[in-house]
1. Of the residues 36, 89, only one is part of a loop (DSSP other than H, G, I, E, B) and either among the aliphatic types (A, V, I, L, M) or surrounded by 24 or more Cβ atoms within 10 Å (Cβ to Cβ) (or both); which?
2. Determine the pairs where a residue that is in contact (Cβ under 8 Å) with a residue 24 or more places away in the chain and surrounded by 12 or more Cβ atoms within 10 Å (Cβ to Cβ), located within segment 1-14, has a partner that is of a type outside the set (A, V, I, L, M) and assigned to a helix (DSSP H, G or I) with Cβ atoms under 6 Å apart, the partner being 6 or more residues away or on another chain.
3. List the pairs whose first member sits in segment 170-189 and is within 16 Å of residue 22 (Cα to Cα), whose second member is charged (D, E, K, R), and whose Cβ atoms are under 7 Å apart, counting only residues at least 6 apart or on separate chains?
4. Spot the failing condition for residue 84; the list is (1) surrounded by fewer than 24 Cβ atoms within 10 Å (Cβ to Cβ); (2) of a type outside the set (Gly, Ala, Ser); (3) in contact (Cβ under 8 Å) with a residue 24 or more places away in the chain, and only one is missed.
5. Within segment 133-165, which residues are among the hydrophobic types (A, V, I, L, M, F, W, C) and either more than 22 Å from the chain's Cα centre (by Cα) or at pLDDT below 95 (or both)?
6. List every residue pair whose Cβ atoms lie under 7 Å apart, where the two residues are 6 or more positions apart in sequence or sit on different chains, the first residue falls within segment 207-225 and is within 15 Å of residue 193 (Cα to Cα), and the second residue, located anywhere, is surrounded by fewer than 24 Cβ atoms within 10 Å (Cβ to Cβ).
7. Using beta carbons and a limit of 7 Å, which pairs, at least six apart or on different chains, have the first residue in segment 47-66 and free of Cβ contacts under 8 Å to residues at least 12 places away in the same chain and the second one in a helix (DSSP H, G or I)?
8. Looking for whichever is at pLDDT 95 or above, under 19 Å from residue 200 (Cα atoms) and surrounded by 15 or more Cβ atoms within 10 Å (Cβ to Cβ) here; the options are 66, 78. Which one fits?
Amino acid sequence: MSGLLALLASAIRLAVPYTLAGLGGVYSERSGVTNIGLEGIMLTGAFTAVAAANKLGSPWLGVLAAVLAGMLLGFGHAVVCVTLKSNQIVSGLAINIFASGVTVFFSWLLFNLTQIQVQGKLLIPFTNTPPILPLTVVIAVVSHFIIFKTTFGLRLRSVGEHPKAADTLGINVYKMRYIGVIVSGALAGLAGAFLSLEHAHYFVKNMSGGKGFIGLATMIFGKWTPLGTAGAGLLFGLGEAISLRVSSAGIPPQFIDMIPYIITMFVLAGVVGRATPPAADGIPYSKE
């Protein structure tokens, strides 16, 4: 029984980056903008969190810096995709490539290291509790309420489903899409902060390891809903937790590392076709 509880606790912890990235995808795609740059934003957030925490002497400032870095990259993606109406997939790929290179460059420039240890621990004051895990639960619940129970959420969904009709009703399509993508970047940046400050306690090259892409899979599996995405994130977290448990059984680590991606393929094979994205997802809008 204790082993099962330990496995569940590990799964919940490992689900955090998948869930945050997936929630970021929900905000972006509900507004009509595809953001496959979540992987690169998460990686940038992981580096920025460690760099700011070490240079400024506070892990909390590291979290803030990671979120701001994510928002900045999200803003850039919005400029390219919403204002300039460029290809959204290409823009996302460019963010991923940029992040992979720029994080290594600044690791050497600022620290002369490829692996940067975190100085200090990220804990809620007067407790021994890391904050990002419980914050993720709150974000998922609040996001579900915002998207489906508020006027803002209705407007966000309307510009992702039928932007022309939304525009006719006086909703600023460009503004709502900018907000969706910037929030998406903030959540991916927070996911990166979790990886480096709360989970690994260091930054290393390409440490996001495809978690941003798996986050997009959680979004699809969760049918573009925050609570569904959180549930899917827990599934992927459980898969990773199981893979870590069986790693001591003499199985080659390459096969162990494949488990989350195999789960992704099976999940998408079973869901794609039954899960319908927002009607205007990935389609630039031009005001007539």
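The values are calculated or read from the model by the stated rules, or taken from the named source; none is laboratory data. Please read all numbers here as calculations on a predicted model, not as lab measurements. Every residue, glycine among them, receives a Cβ derived from its backbone with ideal geometry; neighbour counts consider all protein chains shown.
1. On the way: 89 fails: part of a loop (DSSP other than H, G, I, E, B).
Going through 36, 89 in turn, just one is part of a loop (DSSP other than H, G, I, E, B) and either among the aliphatic types (A, V, I, L, M) or surrounded by 24 or more Cβ atoms within 10 Å (Cβ to Cβ) (or both): 36.
2. Pairs found: 11/237; 14/237; 14/240.
3. From segment 170-189, the pairs are 180/30.
4. Among (1) surrounded by fewer than 24 Cβ atoms within 10 Å (Cβ to Cβ); (2) of a type outside the set (Gly, Ala, Ser); (3) in contact (Cβ under 8 Å) with a residue 24 or more places away in the chain, the lone unmet condition for residue 84 is (3).
5. At the first step, the residues of segment 133-165 found to be among the hydrophobic types (A, V, I, L, M, F, W, C) are 133, 135, 137-142, 145-148, 152, 154, 156, 159, 165.
Correct list: 133, 154, 165.
6. Short answer, once both residue conditions are applied: 207/200.
7. 61/52; 61/53
8. On the way: 78 fails: under 19 Å from residue 200 (Cα atoms).
Answer to the check: 66.
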